[in-house]
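Have a look at the structure below before the remarks.
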Amino acid sequence: MISRTSHLSRLDYSNSVLFCTSVSNLCKVQRVQNSLAKIVLNNSSLPSTTALRQLHCLPVKQRIHFKSATLTCHTLQSGSPSYLSSLINLKAPSRLLRSSSHNLLHVPFTTTAIGRKAFSFAAPTVCNSIPLSIRQSPSIGSFKHYLKSHLFTLPG
């Protein structure tokens, strides 16, 4: 029997490398995930999107955002690990704006592709794109639940 979680966690090893990568590279990893879903369900004739939905698995791009956002939310709420919490800062606007109450994170300026893959850039970018109602979830569990539901509604 193939363990679903072990194969999916192996796909997660590359999340930080795949953030902001080309569509071509994401498609390659998506094909692997689609194949794994069909193997786990033992149904090769099933469409990939249906197989992923039956297993309640997010597509690769949304999975990368989900993992990054949950790690960031956990770090913001608990302050640990300290090596990550030191990389995340709340945005401090210079004057009072309507967006001041949105608790946005500061996205550092970078001009390189490697810089855009860094946690200090990726984490705020992903978290700031999440609707405020989800970001203000009272617990990690509810944050994950609402975020996953939200990501399922986005196009692949």
Condition met for S85 (in contact with a helix residue (DSSP H, G or I) (Cβ under 6 Å, 6 or more places away or on another chain), surrounded by 10 or more Cβ atoms within 10 Å (Cβ to Cβ), at pLDDT 85 or above and closer than 17 Å to S68 by Cα): yes
Flag for I88 being assigned to a loop (DSSP other than H, G, I, E, B) and either in contact with a Cys (Cβ under 7 Å, 6 or more places away or on another chain) or under 24 Å from V17 (Cβ atoms) (or both): yes
Sole exception among (1) polar (S, T, N, Q); (2) more than 14 Å from K67 (Cα to Cα); (3) modelled with pLDDT of 90 or more for Q77, by number: (3)
Flag if I134 is in a loop (DSSP other than H, G, I, E, B) and modelled with pLDDT of 90 or more: no
Residue match in segment 19-37 (condition: touching a helix residue (DSSP H, G or I) at 6+ places or on another chain (Cβ under 6 Å), outside any helix (DSSP H, G or I) and either modelled with pLDDT under 90 or within 18 Å of V126 (Cα to Cα) (or both)): yes
Conditions (1) outside any helix (DSSP H, G or I); (2) touching a Ser or Thr at 6+ places or on another chain (Cβ under 7 Å); (3) modelled with pLDDT under 90; (4) aliphatic (A, V, I, L, M); number of the one not met by V107: (3)
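The values are calculated or read from the model by the stated rules, or taken from the named source; none is laboratory data. None of the values given here were measured: they were computed from a predicted structure. So basically every Cβ, Gly included, is an ideal-geometry build from the backbone, and we count neighbours across all protein chains shown.
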